[in-house]
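Asks: One structure is given below, represented as structure tokens, and several questions about it will come after.
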Amino acid sequence: MKKVVIVGAGIAGLGSGVYAVRSGFDVTILEQHAVPGGLSASWSRKGYYFEGGLHWLTGSSEKIPLYKIWKEVGALQENNPVFYKDPIYTLMIGGGKKLCLYRNTQKLREELLNHAPEDKKMINRLCKDISYYKNVHLLIKDKRGLKCKNPKSPKIGEVLKMWTAALRVLYLKNVSGREYISHFKNKDVRNLIGGMINQDYNALSLIYTLGSFSSGDCGYPEGGSARMAKNMADTFTSLGGKIEYRQNVEKVCMKTDEHGKKTVTGVIANGNFIEADAVIVTQDARQAIEDLFDKENPLEEKWIPKMKRLSISEQDMFFGFGIKADLKDYPRSMLIPLEKPFVAGGKEFYVLPVNNYALYPNHAPEGCTTLSCLLLGEFYDYWKKAKEDGTYKEKKQKAIDDLTAILEEKIPEFKGNIEVTDLATSLTNERFCKTFEGGYMNLMKAGMMTTSFPSKAQSVRGLYFAGQRMIMPGGLPMAIKSAWNAAQELCYDFGAVFE
């Protein structure tokens, strides 16, 4: 059997590993940490479970082709049934008033019109845009000429249903989410729609996401990131694959023949050479091309300059709170508007997105609640400077204290009941997963579209890439799709049947 080494036990590494070992390869995954999951990460503090990597899963609905991929790699099983929250978000206006972002477009239209009749034209435009994108999803098609045990290709009807979205794609991709939302006159409606994603993304990203929710997709698997990653890792090892933890891959090794052709020979991890016939790199490719290849003998792929040009990292600050109080009467996902901004990471925030896990099992001790607040923006330089000048811990604590004071005012049960606080920054992602500027996705600004890069290196035999950076803007669906692509290229090159 041909030996394959995979760099990283994140979602892309585990997914490509499952397909490769099932297709007859001898596969070893090398992971620098002690647990699988990579950027799809979660952790516990004193019995409180913080979900830092998965807030909804694209492809969790059986109606979506990507669902089959999640099932094949073992991510979705009987032990993590999917819950579909509705409303998606609830704006806590104050005085007991709320405004809900519903999945159903008719219900959403009625909710918004009742609250902001002055925005009738734009509300109808929004709901129409969502309906256009309700049937848009990632297409799954096998590599041409590849032998597959379970062939996949899109059906004609599936593709035709997506054509209506073309009516708006040019406009939506060329304006930012912020500009699109600015056309609503009502501030509450702007806060509700704007709290959905980072408004620096183009409007197409916003509408696509809302369309996915409207289709019945985007659920939350019980147990979140940790259970999904463990399911995949267990599937991989049950098939005969090997995962070696605490293995820091330092270099991809290559040899050059008399004709100048380069071929992978293996990797160096923890100072030791590990031989391989093929290597699949699933570390963030933008950073991996700098870290894993000799400066004197760099990787020379035509797509690298384009990736460098387009790589604008989506960065975040993840706040976690463990509360000794039962908050089941609060919505699962809240948007809390502020009169005065919350300042952290060098940015101002006027709306706080707060996820409430009181109704999810095993996220907190009995009678207690885990809350999280995920803030998006360009924070890397701020936190890097703080690390360099020695103020990192101090500034983290101030951000936690300032946010705590705000939430104590907005959620009375907070006061005197906080048992655990936590804050992960872009430096946390950089350290934990070696990602470019600590990003976990790629920011798709106005004018940008989804961009795919080759899964197989053209300049080096036996070298493959997978991971969220290979299909921008990234995220879980692109990570697993890139894993599928890389495994198919591997099978094609070595004459194996893809299984």
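The values are calculated or read from the model by the stated rules, or taken from the named source; none is laboratory data. These numbers come from a predicted model, not from an experiment. No Cβ is skipped: glycine too gets one built from the backbone with ideal geometry, and neighbour counts run over all protein chains shown. Please note that ligands, DNA and RNA were not included when accessible areas were found on the heavy atoms of the full protein model with its side chains. Shrake-Rupley method; radii C 1.70, N 1.55, O 1.52, S 1.80 Å.
Asks: Select from region 149-198 the residues that are within 25 Å of residue 55 (Cα to Cα), among the aliphatic types (A, V, I, L, M) and assigned to a helix (DSSP H, G or I) and list them in ascending order.
Replies: Once the filter is applied, which keeps residues that are within 25 Å of residue 55 (Cα to Cα), among the aliphatic types (A, V, I, L, M) and assigned to a helix (DSSP H, G or I), region 149-198 yields 172, 181, 189, 192, 193.
Asks: Sticking with this one: Kindly indicate the residue of region 429-458 that is polar (S, T, N, Q) and surrounded by fewer than 20 Cβ atoms within 10 Å (Cβ to Cβ) and also farthest from the chain's Cα centre (by Cα) among those meeting that condition. Don't jump to the end; show me each part of the working.
Replies: Residues of region 429-458 polar (S, T, N, Q): 429, 435, 442, 450-452, 455, 458.
Checking the rest, the ones that are also surrounded by fewer than 20 Cβ atoms within 10 Å (Cβ to Cβ) come to 450-452, 458.
On the way: 450: 15, 451: 16, 452: 16, 458: 27 Å.
Ranking the candidates gives 458 first.
Asks: For region 257-293, which positions are outside any loop (DSSP other than H, G, I, E, B), in contact (Cβ under 8 Å) with a residue 24 or more places away in the chain and exposed (fewer than 14 other Cβ atoms within 10 Å of the Cβ)? Lay out the reasoning, then the answer.
Replies: The initial filter retains those residues of region 257-293 that are outside any loop (DSSP other than H, G, I, E, B), namely 262-269, 272-275, 278-281, 285-291.
Among the residues that remain, those that are also in contact (Cβ under 8 Å) with a residue 24 or more places away in the chain are: 262-264, 266-267, 269, 274-275, 278-281, 285-288, 291.
If the condition is that a residue be outside any loop (DSSP other than H, G, I, E, B), in contact (Cβ under 8 Å) with a residue 24 or more places away in the chain and exposed (fewer than 14 other Cβ atoms within 10 Å of the Cβ), then 275 is the only one that fits.
Asks: Further, regarding this structure: Determine the pairs where a residue that is touching a residue at least 40 places away in the same chain (Cβ under 8 Å) and under 12 Å from residue 445 (Cβ atoms), located within region 304-321, has a partner that is part of a strand (DSSP E or B) and β-branched (Val, Ile, Thr) with Cβ atoms under 8 Å apart, the partner being 6 or more residues away or on another chain.
Replies: Hits for this filter: 310/451.
Asks: Check whether at least one residue in region 411-428 is farther than 30 Å from residue 286 by Cα, open to solvent by 70 Å² or more (accessible area, probe 1.4 Å) and in contact with a helix residue (DSSP H, G or I) (Cβ under 6 Å, 6 or more places away or on another chain), and report yes or no. Please lay out each step first, then the result.
Replies: Of all residues in region 411-428, those farther than 30 Å from residue 286 by Cα come to 411-421.
Then drop every residue that is not open to solvent by 70 Å² or more (accessible area, probe 1.4 Å), which leaves 412, 415-416, 419.
Filter again for in contact with a helix residue (DSSP H, G or I) (Cβ under 6 Å, 6 or more places away or on another chain), leaving 415.
Yes; the residues of region 411-428 include at least one that is farther than 30 Å from residue 286 by Cα, open to solvent by 70 Å² or more (accessible area, probe 1.4 Å) and in contact with a helix residue (DSSP H, G or I) (Cβ under 6 Å, 6 or more places away or on another chain).
Asks: Any idea which residue in region 232-263 is nearest to the chain's Cα centre (by Cα), counting only those that are under 16 Å from residue 298 (Cα atoms), among the β-branched types (Val, Ile, Thr) and at pLDDT 95 or above?
Replies: Initially, region 232-263 is screened for residues under 16 Å from residue 298 (Cα atoms), giving 250-256, 260-263.
So of that shortlist, the ones also among the β-branched types (Val, Ile, Thr) come out as 252, 256, 263.
Subset that is at pLDDT 95 or above: 252, 263.
Working: 252: 26, 263: 32 Å.
Only one residue fits best here, namely 252.
Asks: Only one of (1) more than 19 Å from residue 195 (Cβ to Cβ); (2) free of Cβ contacts under 8 Å to residues at least 60 places away in the same chain; (3) out of contact with any Gly (no Cβ under 7 Å at 6 or more places or on another chain); (4) surrounded by 15 or more Cβ atoms within 10 Å (Cβ to Cβ) fails for residue 96. Which number is that?
Replies: (4)
Asks: Failed condition for residue 181, given (1) aliphatic (A, V, I, L, M); (2) over 30 Å from residue 444 (Cα atoms); (3) surrounded by fewer than 23 Cβ atoms within 10 Å (Cβ to Cβ), with all others met?
Replies: Failing condition for residue 181: (2).
Asks: Another one. Restricting the search to region 99-131, which residues are without any contact (Cβ under 8 Å) to a residue 60 or more places away in the chain and polar (S, T, N, Q)?
Replies: The answer is 106, 114, 124.
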